[in-house]
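Structure, as structure tokens:
The values are calculated or read from the model by the stated rules, or taken from the named source; none is laboratory data. Nothing here was measured: the structure is a model prediction, and the numbers come from that model. A quick note on method: Cβ atoms are made from the backbone with ideal geometry, for glycine too, and the neighbour counts reach across all protein chains shown.
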Amino acid sequence: MTKHPLGCVLTYSVVASLGLVSFAACLVAEGKRSKKGDLMSDGKFCFLPTRSHVFELGVAATVCLSAAQIIGNVLLCADHRWRPNTRKPKKPALTAILLAFSWMSFGAATILISAATSMSRTQAYGEGWLDGECYLVRDGVYATSGVLSLLAVLALLGAASIKITTNQQVDQDHKINARK
């Protein structure tokens, strides 16, 4: 964390903004994904000729979510490592639980977005997506991954807020004890 409160607000606002962009990109991708009517077949081979912007939206969602997760964790871990405290914060278990939940949500969202984005590319005639078969992204996959990415960022911000408040309490207690 930065020493100045405005720096904390700004850096975690960036993390929150990246999470919201990832969520929004997933919701837009859900609406623009290929439908069953877009799939063409001649009985033996199939192909998906339409090129939509879902691939770019999926990549943007993954990049924004990854950037938010990395920036948030670097800030949390950097504060923990470089903070010269003699006393430890009182709630490290809750922070650790929120961070673990954040990483699990991040992992699930990244896997869903990556797989769905890979399927959303143009599938050439006879090649398909996997083993010559054509696949379509099911309803709700992008929306679910968007919710998971939002949960990951919210858990990360929750862990950061707990860490900030407990560190401020420790600093205040340290200053009061130093005066005595």
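Annotations
- For the criterion of being surrounded by 15 or more Cβ atoms within 10 Å (Cβ to Cβ), in a helix (DSSP H, G or I), of a type outside the set (Ser, Thr, Tyr) and at pLDDT below 90, Ala116 passes.
- Tally, over region 139-167, of residues that are among the small types (Gly, Ala, Ser) and not in a helix (DSSP H, G or I): 1
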